[in-house]
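These notes are about the structure you will find just below.
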Amino acid sequence: MNRIVVVSNRVPLPEKGAQAGGLATALQPLLEREGGVWFGWSGSISAKAAEEGTRISHAGRVTYATMALTKAEHDGYYANFANGVLWPLFHSLPEMMRYDRSDAETYFATNARFADTLLPLLQDGDLVWVHDYHFLPLAGLLRARGVANPIGFFLHIPFPSAELLALAPPAGKLIAGLLQADVIGFQTSADLGNFAAAATTLAGARQIAAELLEIDGRRVRLGVFPAEIDAEDFAADALRAARSPTVERLRRSLGGQCLILGVDRLDPTKGLVQRLAGYRRFLETETGWHRRVTFLQIAPVSRQDVASYQTLRAELSQAAGEINSECGDPDWTPLRLITKGGPRATLAGYMRAARVGLVTPLRDGMNLVAKEYVAAQDPRDPGVLVLSRFAGAARQLDAALLVNPNDPDAIAEAITRALAMDLRERQTRWRAMWQAVAESSPLDWGLGFLRLLQQSPGKRAGGIAPALAPRGKPLIPIHTSSNAIN
Ligand code: ADP
Ligand code: F6P
């Protein structure tokens, strides 16, 4: 396999420790095993970002190359356009979108700066693999700079209908840039279908086969690659963590009550307000379960620089307070809402201890937490997954109790059914889901995509001459805090 160069906005720098997010969960095992370069944002904001250049560090076989953003870039590119326009639109929540032309301009300009910074790091033969909605125009910007390498793109979030996408004024330009990639991957066939429709209606592409587009005489391969977890590893972590003092403390604190668990970044797409409404409905109708259950919602704060995320945090705290004060008792707190994260292994132990896993996003590209909940279970006495039918994971985990996350009554009924489910049904459902999560891995996912990318020609015929250095030598001396990368 040629050298892999991953590009993503969020880079899991080893010194920063684990952070919540499916992109890192999916990519890290692949890059750690295959080696390569991981390029993106350092997570820092600096007035001198442009002059500071690239920061290089190494861990194992991975070279991390990151750059800072200025405050204006961070606000326009990341907070306002990527997370204030694309994120809600791609999750079919257009009422949350806040569009301002200057943010779109900053998004394209910042993508151009990422392209300029990446260019000298690239070598002939590199497989460039770009990730997620932060970088829709990047393939086009790299081509414009003479990059002829194979370029792949994977979208971790859903792709909306062409009608919804068209609500973003630069929709056509975004798709045109993306179509400069050779291979474009999606979580589900529905996302792929939506993209093909948008590419034909908004950017003049022609669909010549189910997974093949043609534009300006070039071919673009499309593919479905559902993101995966390492189920065996996660199961082993869960088993170990279940015996740890931290998980033991949680179990003791429950005093024999059944644990209902949610683990999600504090994000409007995760359906947390609706989930709490569903739990409240359950408490109001199923009084027989009072003092016999506790719902623990772990929701690490996310994107607090985006206004709608701050509002959500306040809204959620208020709803949680109301549930506890109005449905609780002096000797019983029905809901624990925690906005801190925790080590992934500890979360695995909590998942194993939970009788019910509540995963009810309004829409989600995949949702790896759903797969992790399945992997964490004790096969002899598994818990029940309640899963939104609008998560990509529902296509593989159809043995879960599938719910419409907008319907509090449906959530309440599913909780009741899950708590009452007999062992045999729990085992039957779990076995079907375990098979689905254990049959693939992040390595299969990543290598499946990269194999397809490796077969693609890059931009040879009629393209701009490859302006790249021979393998092993960067084209231009890199302005870094350490040595050149290899
Ligand atoms: P998203 O990508 O939208 O956040 P996913 O459910 O696909 O949603 O992925 C979330 C991932 O982040 C899961 O792998 C989960 O275990 C992980 N995670 C959640 N909280 C933490 C945390 N505090 N530290 C590290 N990883 C976390
Ligand atoms: O795929 C969802 C995603 O946006 C990833 O790109 C990202 O790593 C994760 O969620 C967390 O979001 P952020 O990087 O904005 O904190």
| query | Whole-Å semi-axes of the chain's equivalent ellipsoid, largest first, each the root of 5 times a Cα gyration tensor eigenvalue? | reply | 40, 23, 22
| task | Can you bin segment 81-142 into rounded, prolate or oblate? Criterion: square roots of the alpha carbon gyration tensor eigenvalues sorted a ≥ b ≥ c, rounded for a/c under 1.5, prolate for a/b above b/c, oblate for the rest. | result | oblate
| field | Over the chain, relative contact order from alpha-carbon pairs under 8 Å, at least 6 apart, % | value | 18 percent
| message | Loop-only trypsin sites (Lys or Arg not before Pro) in segment 199-283, please: DSSP not H, G, I, E or B, and at most 14 other Cβ atoms within 10 Å. | response | Arg243
| field | Proximal charge balance of Arg426 [Cβ under 13 Å; K/R count +1, D/E count -1] | value | +2
| note | The helix 189-203 Cα axis meets the longest alpha-carbon principal axis of the chain at an angle in degrees, between 0 and 90 and rounded to 10, of 40 degrees
| query | For a paramagnetic label modelled at 7 Å from the Cα of Asp378 toward its Cβ, which residues of segment 342-359 fall within the zone defined by backbone nitrogen distances under 12 Å? | reply | 352-355
| note | Counting Lys and Arg as +1 and Asp and Glu as -1 over every other residue whose Cβ sits under 11 Å from the Cβ of Gly204, the net charge comes to -1
| request: Please report the base-10 log of the normalised intensity I(q)/I(0) for segment 1-144, using a Debye sum with one equal scatterer per alpha carbon and no solvent, at each q in 0.09, 0.13, 0.14 (1/Å). | output: -0.27, -0.58, -0.67
| remark: Taking a probe of 1.4 Å and leaving out DNA, RNA and ligands, the chain shows per residue an accessible area in Å² of 39 Å²
| note | The rounded separation in angstrom of the Cα centers of segment 331-373 and segment 374-433 is 13 Å
| request: Report, to the nearest 10°, how far helix 423-438 tilts away from the longest principal axis of the Cα atoms in the chain, using its own Cα long axis and a range of 0 to 90°. | output: 10 degrees
| query | According to the square roots a ≥ b ≥ c of the eigenvalues of the Cα gyration tensor, what is the shape class of segment 16-88, taking rounded for a/c under 1.5, prolate for a/b larger than b/c otherwise, and oblate for the remainder? | reply | oblate
| query | Accessible area of Lys173, 1.4 Å probe, to the nearest 10 Å²? | reply | 120 Å²
| remark: Taking only the alpha carbons of segment 325-437, the radius of gyration and the largest Cα-Cα distance, Dmax, both in angstrom, are 14.3, 43
| said: Can you tally the net charge around Pro245? Count Lys and Arg as +1, Asp and Glu as -1, for every other residue whose Cβ sits under 14 Å from the Cβ of Pro245. | reply: +4
| request: Please figure out what share of the DSSP beta bridges in the chain is antiparallel and state it in percent, rounded to the nearest 5. | output: 20 percent
| field | Accessible surface of the chain, 1.4 Å probe, proportion on carbon and sulfur as whole % | value | 50 percent
| query | Given N residues in segment 379-442, what is Rg(Cα) / (2.2 N^0.38 Å)? | reply | 1.13
| Any idea how far the Cα center of segment 34-91 sits from the one of segment 226-250, in Å? | 30 Å
| request: Mind checking segment 53-124 for trypsin sites (Lys or Arg not before Pro) that DSSP puts in a loop (not H, G, I, E or B) and that have at most 14 other Cβ atoms within 10 Å? | output: Arg61, Arg98
| note | Hits in segment 178-195: amide N under 12 Å from the 7 Å Cα→Cβ extension of Thr201, namely 194-195
| query | Looking at the P(r) of segment 231-438, how many percent of alpha-carbon pairs lie beyond 27 Å? | reply | 24 percent
| Estimated FRET transfer efficiency when R0 is 45 angstrom, pair Ala144-Lys48 (beta carbons, to 0.05) | 0.95
| remark: Once normalised by the length of segment 231-438, the mean sequence separation of its alpha carbon contacts under 8 Å that are 6 or more apart gives a contact order in percent of 28 percent
| query | Which whole-percent values make up P(r) of segment 224-298 when all C-alpha to C-alpha distances are grouped in 10 Å steps starting at zero? | reply | 15, 34, 36, 15, 1
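The values are calculated or read from the model by the stated rules, or taken from the named source; none is laboratory data. Everything numeric in this text was worked out from a predicted model, so none of it was measured. Cβ atoms come from the backbone with ideal geometry, glycine included; neighbour counts cover every protein chain shown. Note: areas computed on protein heavy atoms with side chains; ligands, DNA, RNA excluded. Shrake-Rupley method; radii C 1.70, N 1.55, O 1.52, S 1.80 Å.
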